[in-house]
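The values are calculated or read from the model by the stated rules, or taken from the named source; none is laboratory data. Note that the structure is a prediction, hence the values are computed from the model and not measured. Here the Cβ positions follow ideal geometry from the backbone for every residue, glycine too, while neighbour counts run over all protein chains shown. Just so you know, the surface numbers come from the protein's heavy atoms only, side chains and all, with ligands and any DNA or RNA stripped out. Shrake-Rupley method; radii C 1.70, N 1.55, O 1.52, S 1.80 Å.
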Amino acid sequence: MILMAGTASLLFLMTSCGPEVNIQAYANEGASFSFQTGFSEKTTEIIKSFSGTSADMPLFTKESIGAVLKAAGVQKIVSEVPSPSEIFTSGTVENFKEVPAGKFQFISRTKNSLTLTLGPEQINRFYNLSNEESKSYLDLLMIPSITGEKLDVKGYKELLESVYGPELAEEIVSGQLKITLLSQNGKSKKTAKVSLGELLTSTKDMTWTVTW
C-alpha cells in the first residue's frame, strides 16, 4: 500500500540545498515522515528575480505545503517556515490500506519493509499534479526528467550555468538529498544520499528500502 506525500511544491523544495527526508514505519502499516530544506540567500534572490516574486515574500508557505499533504491523505500535518527560504514539514499516514486508490505513489509499506522510490515517473507526476505557481518555479529549473531533454549531470549543470550562473548551478546539481528510513521500533535503519543532479537527470527509478 502506497502514499502520495506531495506534489510539485515538494519536488521544488527537494531541489534546494541540504534537503533531508526521514520516514519511519508506523503502527497499523502506516508511516510518519518529516522533510526539511532551504535555499541559499543568493539562489533565493535569483529564483525570485526570474519568477517575478516579491523580494519580501517567502518562496513557500505553510498553507501551500499543508494543503498539498492534506489532499494526499496525510494527517497530523505540521509545517514551519523558519525563514523566507526554508521549510520544515511532517505528518503521518495511519494506515496505507486506507489511502484512496489513484493517489500519487512514492512510499510503499509492507508488514516488514518500507521503501522510498524516486525517478522520472514520480518527478513527472509531482509536476503534473502541481498548481501553476509551483509549475512556474519548476520550469525555471529546466529539469531534464520533466522536459525530456537527455542530459547527464555535467550537461545539466552547464545548462543552468548558461542561464543563472555558476552559483545556482552548483547548488542545484551538487546538493545532496539525505534519506533515512526506519523500522517501527527504530532498530533497523537505512541511510543514503543521492546528488540532486543525479536525481533530476535520472532515466530510471531509484529505490531505498529498510527491512525488519
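Structural remarks
- Extreme residue, nearest to Lys48 (Cα to Cα), among residues of the stretch 88-117 that are modelled with pLDDT of 80 or more and open to solvent by less than 10 Å² (accessible area, probe 1.4 Å): Thr89
- Members of the stretch 196-205 found to be within 15 Å of Leu116 (Cα to Cα) and surrounded by fewer than 16 Cβ atoms within 10 Å (Cβ to Cβ), listed by number: Lys204, Asp205
- Counted residues, the stretch 124-146 - those being among the hydrophobic types (A, V, I, L, M, F, W, C), closer than 12 Å to Ile47 by Cβ and at pLDDT below 85: 1
- The number of residues in the stretch 63-75 that are closer than 14 Å to Phe35 by Cβ and at pLDDT 75 or above comes to 1.
Every residue, every condition in (1) more than 27 Å from Ser108 (Cα to Cα); (2) open to solvent by less than 40 Å² (accessible area, probe 1.4 Å), yes or no:
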| position | (1), (2) |
| --- | --- |
| Thr147 | no, no |
| Val153 | yes, no |
| Leu160 | yes, yes |
| Gly165 | yes, yes |
| Gln176 | no, no |
| Asn185 | no, no |
| Val194 | no, yes |
